[in-house]
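Contents: one structure, followed by commentary.
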Amino acid sequence: MNYAFRRGAGRDGPWASAGTREAVEAARQDFDDVIATGGETTDYFLDEKRKGLPQTLRELSVRTTDRRLSAAVLEVSISLHSAWSLATPRRARVINLHALSSPSSTAEIAAQIKWDLQVDVCRTGLEQCEVALTRLNELERKA
């Protein structure tokens, strides 16, 4: 999917609403996926279809003239970027949290803590997606 917006068009034309909606819905799907799996690795975020999404959301937030929509879309972008920053290089599920004797189990616990934080960030991102989509719906009804 290509989330790039059309340059040269007006700031808040119908294309902007569609492009913004498409990007926010893609972010919502990513947040849902991360929550459902209990955290994701960097490979997930480096996939071609989602790699540029945080930047696209940031650009869309700047191009909209509605302050509430702009702020919500920017928050979605920030949450997505934060989730990405908490991604681990590889997946190593924690089996026994009480086995702290080896360095590998300590690394596994650290990874699990990062995934838990990542899931929390994604829950916040989902809330911001709902704020952005609600505002988009309000603006479309006014138009």
Seminar exercise, completed: Selection from segment 41-57 of residues surrounded by fewer than 18 Cβ atoms within 10 Å (Cβ to Cβ) and in a helix (DSSP H, G or I) yields Thr42, Asp43, Tyr44, Gln55
Exercise. What are the residues in segment 20-40 that are on the phi > 0 side of the Ramachandran plot and either surrounded by 20 or more Cβ atoms within 10 Å (Cβ to Cβ) or part of a helix (DSSP H, G or I) (or both), if any?
Worked result: Gly39
Exercise. Quick one: Ala71 ticks every box in (1) among the aliphatic types (A, V, I, L, M); (2) surrounded by fewer than 17 Cβ atoms within 10 Å (Cβ to Cβ); (3) at pLDDT below 95; (4) in a helix (DSSP H, G or I) bar one, so which box is it?
Worked result: (3)
Exercise. In segment 18-51, what count of residues is obtained for those that are over 22 Å from Leu117 (Cα atoms), of a type outside the set (D, E, K, R) and in contact (Cβ under 8 Å) with a residue 24 or more places away in the chain?
Worked result: 3
Exercise. Within segment 1-49, can you find the residues that are in contact with a Gly (Cβ under 7 Å, 6 or more places away or on another chain), among the hydrophobic types (A, V, I, L, M, F, W, C) and at pLDDT below 70?
Worked result: Phe5
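The values are calculated or read from the model by the stated rules, or taken from the named source; none is laboratory data. In this text, all values refer to a predicted model and were calculated from it rather than measured experimentally. Ideal geometry is used to build each Cβ from the backbone, glycine not excepted, and the neighbour counts take in all protein chains shown.
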